[in-house]
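Below is one structure, written out as structure tokens; comments come after it.
Derivation of every value follows stated rules applied to the coordinates shown; laboratory data play no part. In this text, all values refer to a predicted model and were calculated from it rather than measured experimentally. Methodologically, a virtual Cβ is constructed for each residue, glycine included, from the backbone with ideal geometry; neighbour enumeration extends over all protein chains shown.
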Amino acid sequence: MSSTPARSGRKPVFVLVGGTGDLAVRMLWPSLAMLDQDGFLDDRLRVISVARQKLSHAEAIKMVSDAIQARIGKDLQPATLDRFLKRVSHVSLDASNDQWGPGLKAALGDLDDIEVTYFLSVSPTLFKPICEHLASSGLNAEPNRVIIEKPIGRDLATSKEINDAVAHAFDETRTFRIDHYLGKETVQNLIALRFGNIIFEPLWNAQAIDHVQITVAETVGVGERLGYYDEYGALRDMLQNHLLQLVCLTAMEPPSGLSSDALRNEKVKVLKSLKPIDASNVQHNTARGQYGPGFAEGKAVAGYEAEKGSPSNTETYVAIKAEIANWRWAGTPFYLRTGKCLPSRATEIMIQFRDVPHSIFGGEARPNRLIIRLQPDEDIKLTIMNKSPGLTAEGMHLQALDLSLSLVSAFDGGNDGKPARRRIAYERLILDALNGNNAQFVRRDEVEAAWEWVDGIIEGWQRTGMKPQQYQAGTFGPMSAYTLLDRDGRSWND
Ligand code: NAD
């Protein structure tokens, strides 16, 4: 397999800060190895793991090798693992210590000869000290760049603090904020679907679309993330980032091209057009829930407060009626929901078209639906009305049929006849970052516009004293989420 050389001509280095952590082990090491297998990594690329843990070289290599084999062992060719592990080294450094910068500098070698991509896979509280270490040791100069992960703050003020700290070391063009949903194949495909086909655009507006539903449903509870989660809740943890990114891609105007600014300019306009939700309308436009005792994934669940061991006002479920105040979408609500301990795992965007203006089928014609599924399977389905086959004495009857673009079957039978592997979303994002392409990363003004809208909701909840309503674990969420749509004469696509 050929390799892809870095564009600057310098030798590329990928520094994985937090290389021993959960995200690195489950996602990042396997993604890097697969990029290597597919010939996307420059032959000269070195990967340096940085973490607090003191590991010998042999221990670090074993940790990386185990991580890769556990996740993608069956797709891995033996030669890949050997080749990839030769790229890897580990340095043990504590970010609370001033030796962090000099220690990493020694591991990097001649700075004029290399191009470094830093992935900060550590708690956001470490972003500031780490960026300060990078700057004070001169490790942040162009063309070096940085990748950071959510959560970027827990409100507008704290997200600005993080963004300012990172901006102190890296300008915006060299800052890559990950929302891993943007690396998913179907999310990319949404752009292809909308802007690579003429048939959707004339219908992609309030005249033809009744409403949009975006659902991210999880079957799991909070588990070991409880300490973190209790400070955040579903609105900050999922909706502020993943769901709002999906809203942007669904609602944005056609960009002038695929360049990072062309795409992101359009996305930020959507976020800025979201109608504010505050104390005056929060009870009408949002539903908050928290899972109580019940069953999820076939096991008994004690309930969120029982798991925590004390009372909590944190929502594990949120539903919102969002409205986009612009010409395209005025009058077409976007209903968003996400929650934990729900009956099935699913991420989907449902575009519900309007009724035909005049039905000649006595009410049998149902409105078309376009369903874009991201999880568990990636699939795009258009429900259309069709004549029920066969003869009937009383005339024609209709049935709804799905035109399906199943990506699972679209990927079947590659050149070698084997089903293609579904990529980890981080593979695409790491590859883009190595190539300096930040179109699929979130720009600072997007993060901040999203927080501004979300802050209004949180303040509205606080001012009105709106507490989460309990729902039984293993059910579809609180009653108030159903009332939210009932009131508008609509229902969730469960
Ligand atoms: P983790 O706690 O499992 O790992 C943290 C890493 O940071 C470890 O390698 C540890 O050695 C290192 N570290 C901690 N304190 C340090 C210090 N003082 N000096 C140097 N290194 C130190 O965390 P994680 O779950 O891998 O998450 C990493 C980042 O990714 C966080 O920002 C998290 O919010 C985000 N994230 C994680 C997930 C996930 O699935 N784990 C999902 C989305 C976002």
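Laid out as a table, the results:
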| quantity | calculated |
| --- | --- |
| Those residues of the stretch 197-223 whose amide nitrogen sits under 16 Å from the label point placed on L403, 7 Å along Cα→Cβ | 197-204 |
| Mean Cβ neighbour count within 10 Å, used as a protection proxy, ranking 258-270, 314-326 highest first | 314-326, 258-270 |
| Neighbour net charge for W453 - beta-carbon separation under 14 angstrom, K R +1, D E -1 | -3 |
| Sequence-distant residues sharing a close amide H with A296 (under 5 Å, placed H) | V301 |
| DSSP H segments from the chain that extend 18 Å or more along their own axis, Cα-based, with Kyte-Doolittle mean of -1.0 or above | 57-72, 260-273, 444-464 |
| Charged-residue dipole, Cβ positions (Lys, Arg, Asp, Glu), the stretch 118-275 about Cα centre, Debye nearest 20 | 180 debye |
| Inter-probe distance in nm under a simple model that places probes 7 Å from Cα toward Cβ, at K387 and S56 | 7.8 nm |
| Over 20 Å (Cα to Cα) - which of K128/K269; K275/K321; K11/K128; K62/K184; K128/K160; K160/K275 fall in this group | K128/K269; K11/K128; K62/K184; K160/K275 |
| Kirkwood estimate for the stretch 296-400, i.e. one over the average of 1/r between Cα atoms, Å | 18.1 Å |
| Alpha-carbon centroids, the stretch 293-342 and the stretch 125-171: separation in whole Å | 31 Å |
| Test item: Cα-centred dipole of the chain, Lys/Arg +1 and Asp/Glu -1 on Cβ, debye | 340 debye |
| Anisotropy class of the stretch 1-115 from Cα gyration tensor, a/c 1.5 cut | oblate |
| The chain: mean projected area of Cα convex hull, nm² | 26.4 nm² |
| Cα gyration tensor category, rounded, prolate or oblate, for the stretch 32-80 with a/c compared to 1.5 | oblate |
| Principal axis dimensions, the stretch 90-188 - Cα atoms, whole angstrom, descending | 40, 30, 24 |
| Directionally averaged shadow of the stretch 423-494, computed from the convex hull of its alpha-carbon atoms, nm² | 8.4 nm² |
| Estimated FRET transfer efficiency when R0 is 41 angstrom, pair R194-S359 (beta carbons, to 0.05) | 0.90 |
| Kirkwood Rh and Cα Rg combined as Rg/Rh, the stretch 153-246 | 1.05 |
| Estimated FRET transfer efficiency when R0 is 25 angstrom, pair E297-D486 (beta carbons, to 0.05) | 0.30 |
| Karplus-derived HN-Hα couplings along the stretch 143-149 (A = 6.51, B = -1.76, C = 1.60, θ = phi - 60°), whole Hz, x at Gly and Pro | x, 5, 9, 10, 10, 10, 10 |
